[in-house]
1. How charged is the neighbourhood of B:Gln59? Take every other residue with its Cβ under 13 Å from the Cβ of B:Gln59, and add Lys/Arg as +1 and Asp/Glu as -1.
2. Quick one: give the max-minus-min coordinate of the C-alpha atoms of the protein assembly as shown along each principal axis, largest first, in Å.
3. Working out 0.36 nm times the residue gap between B:Leu78 and B:Val98, then minus their Cα-Cα distance, what length gain in nm do you get to one decimal?
4. Given the C-alpha centroids of the stretch A:68-103 and the stretch A:31-65, what is the distance between them in whole angstrom?
5. With each run of n ≥ 4 DSSP H residues scored as -39500 (n - 2.57), what mean residue ellipticity at 222 nm is computed for chain A after dividing by its residue count and rounding to the nearest 500 deg cm²/dmol?
6. Taking a cut-off of 20 Å between Cα atoms, list the aspartates and glutamates near B:Lys28, but don't count ones fewer than 8 places away on the same chain.
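Each value in this text was obtained by applying a stated rule to the coordinates, not by laboratory testing. As the structure is a prediction and not an experimental result, all values here were calculated from the model. Methodologically, a virtual Cβ is constructed for each residue, glycine included, from the backbone with ideal geometry; neighbour enumeration extends over all protein chains shown.
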Amino acid sequence: MGPMVPVGACLGLSAVLFAIGLFGFLARRNIILMLVSVEIMLNSVNVSLAAFSHHLSDARGQVMALFVIAVAASEAAIGLGLVLALSRNKQGVNVEDVTQLRW
Amino acid sequence: MSTAGLVLFHYLAAASITSAILAITRHKPIHSLLWVLALFLHVAGIFLLMGAEFLAAVQVIVYAGAILVFYLFFLMLLDLPSEAAAPRFSAHWPLSVVAGGAFATLIWYARDIPAALVPPAPRGASSVGNLATVGSALFTEFAVPFEIVSLVLLAAIVGAVVMAKRKTQA
């Protein structure tokens, strides 16, 4: 039996990490770093899932976290494929370079 | 919880937040990715502390070992133009600070609600977090979502190949 980690502290950590990822996604200009910010947000969700799994002694939270990791891997593959296609057509991968679909 | 465990948890949490902030604010993408690697390893330590050994192993192997190395490979092979001269953040970054801060405040006040509403389960003999418990839940109760996730991964592979393929002029 592992030590009892306070669930409130874990949820607070998860909230702070998610907010940092949200800020990074909104504020960075480089598309690759925006994708990395999404990874940080997904990871913070995993922290809260594991915290609830620990709090309730229920393994299902960890199974959900595994699914989140699988979706994060898919998102990395698709997102980087998009960036590759983008960098073939444009110089640079900043969001300011891609404004054709805006408004 | 023992004092040593609590100290370890606070160290891991502080290190996670510090590396996340550094990852978001560094100029060079490579530096950012290395700080994200530090973040993932510290989060894996938190998983270990919560008794989720399998999740910690998956975090290190899949997240740090596969996804992040994939990002690093991509960044090094793509040969991006140097963005040292370009500003890091877009012009509306104060709005992003407000959005992130508002979200963090909201959830910070909500974080004690579940602990108050849902009492912790009795720490019985069934040790959650070992591989057998997670595996039996994954392959019985979550068998259909597990198969759907394999389809999602297949779609991601095919989609990545289709998007990254060079267009040949017919």
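1. Numbers: positive: none; negative: A:Glu39, B:Glu53.
Net charge around B:Gln59: -2.
2. Extents along the principal axes, in whole Å: 65, 42, 32.
3. Numbers: separation 20, 0.36 × 20 = 7.20 nm, distance 3.32 nm.
Fully extending the segment from B:Leu78 to B:Val98 adds 3.9 nm.
4. 23
5. Working: 3 runs with 77 residues, N = 103.
About -26500 deg cm²/dmol.
6. Correct list for B:Lys28: A:Glu39, A:Glu96, A:Asp97, B:Asp79, B:Glu83.
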